[in-house]
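Here is the structure we will look at.
The values are calculated or read from the model by the stated rules, or taken from the named source; none is laboratory data. Bear in mind that the values here come from a model prediction, so they are computed numbers and not experimental data. Please note: Cβ atoms are built from the backbone with ideal geometry, for glycine as well, and neighbour counts cover all protein chains shown. Just the protein is used for accessible areas: all its heavy atoms, side chains included, with ligands, DNA and RNA removed. Shrake-Rupley method; radii C 1.70, N 1.55, O 1.52, S 1.80 Å.
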Amino acid sequence: METATLIVVLVIVLALFFDFTNGFHDTANAMATPIATGALKPKVAVLLAAGLNLVGAFLSTEVSKTISHGIIREDQISPPDFLPLIFAGLIGAITWNMLTWLLGLPSSSSHALFGGLIGAALVGVGVLAIDFGQVLSKVVLPALIAPFTAGVIAFAATRFAYLLTRRYDNKPDGRDGFRWGQIFTSSLVALAHGTNDAQKTMGVITLALIMAGWQDSSHADPYFWVILACACTIALGTYMGGWRIIRTLGKGLTDVKPAQGFSAETATASTILASSVFGFALSTTQVASGSVIGSGLGRRGSKVRWRTVGRIAIGWILTLPAAGGVGAGAALVVVWLGTWGVLIDAVLAVAVIVGLFLYSRRSHVDASNAMSEVADSGHAVRVKLNPPPTRRQRRIMREEEARRKADAKAKARVAARREAEEWARTDREGKR
């Protein structure tokens, strides 16, 4: 019993640390745009995101049920065998999160968690431990559909925003107001992130409690202390900033106009909030990127760099198998060595986390220098400095050109008439 208690405590601690990494890993999804456009100062932005992540974690528990009563068939696994496997799966998720954070890559924390758990379960138990129907319906299909849906919404919203604020005859277009609107929409994204991502950790802890017999399996909702702990941890992680990934996304978002940022964030928030209601465990990173691409296509003069989008997509594809591979390796150590394997995994996990953190100190990134040098890998959308004129602007230009030509011809006729009159007057004076 003491060994099981120790493993449960280790799982809860590791799950909360994953929640922490999820917070600073995904801060950029909500706050890179308002930081880049100047709507919010960096520290104010991450503080606002942290508070809203905290609030959002209390609004829904449907995604938590997907994790604790969804992808893993806990009735097929004995609790003493499964608790170490949850621990191993979390190691896979955290390792991938830390590595991609170090590289400044906007990967999916959600898929890292799913990959780690699935890899560990496959090694420790087998194929029967995975409910592939739930994985397909609640994880894989939403991951494919949600970014496209968000992109379509962002495209339509961007088109409408620019249509609504067209410039007429040198009058102000009112688009600067979108910069202030971004404060609301980015806050909505942060709130949506809390309703979706914090629940994944709640689901893991609830699953561990069920396996340990500390919670009835028929009771799907997480305990209040689990909700509170996960909400506070993801909020703290969000407040830490995740400046490396904000820097990566900053280049792509710096050139995006406020109206585009407003539209993209609206699409991201609406997609994630809707998915939280139905229990779909989405990747905020993928949805946000799809929204940015959609807004880029929706604005005249912007250009989507599909090669960069392809590189980001490859990173998304690698997330689940890479985290699954690490989780499977950690699970293999547990299967071979039992309780000693758990302790060895714990030591290795601490070593990896500390090693990656110390290595990151060689090139420190914080709020003061996050936007000074931006990695090219995040440059997903580039906007031309001098976009081509619209059809209305071309028509006005043609009318002005015709007016100038008509004025020039009239002036030429007046000048010719005056010259002819001058010659006639000179000729009359010469005859006299």
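By how many nm would the segment from residue 127 to residue 219 lengthen if fully extended, with 0.36 nm per residue of separation less the alpha-carbon distance?
In short, 30.6 nm is gained.
Among 353-361, 409-417, how do they line up by average Cβ neighbours within 10 Å per residue, starting with the highest?
353-361, 409-417
At 1.4 Å probe size, with every protein chain present, just tell me what the per residue accessible area of the stretch 94-159 comes to in Å².
Normalised by residue count, the accessible surface of the stretch 94-159 is 38 Å².
Sorted by average packing, counted as other Cβ atoms within 10 angstrom per residue and highest first, what order do 131-142, 93-104, 40-51 take?
93-104, 40-51, 131-142
In Å and on Cα atoms, what radius of gyration and Dmax does the stretch 184-226 show?
13.3, 43
When you count, for each residue, the other Cβ atoms within 10 Å and take the mean per peptide, how do 185-193, 334-342 rank with the highest first?
185-193, 334-342
Can you classify the stretch 90-143 as rounded, prolate or oblate using the Cα gyration tensor, where a ≥ b ≥ c are the square roots of its eigenvalues, rounded means a/c under 1.5, and otherwise it's prolate if a/b beats b/c and oblate if not?
oblate
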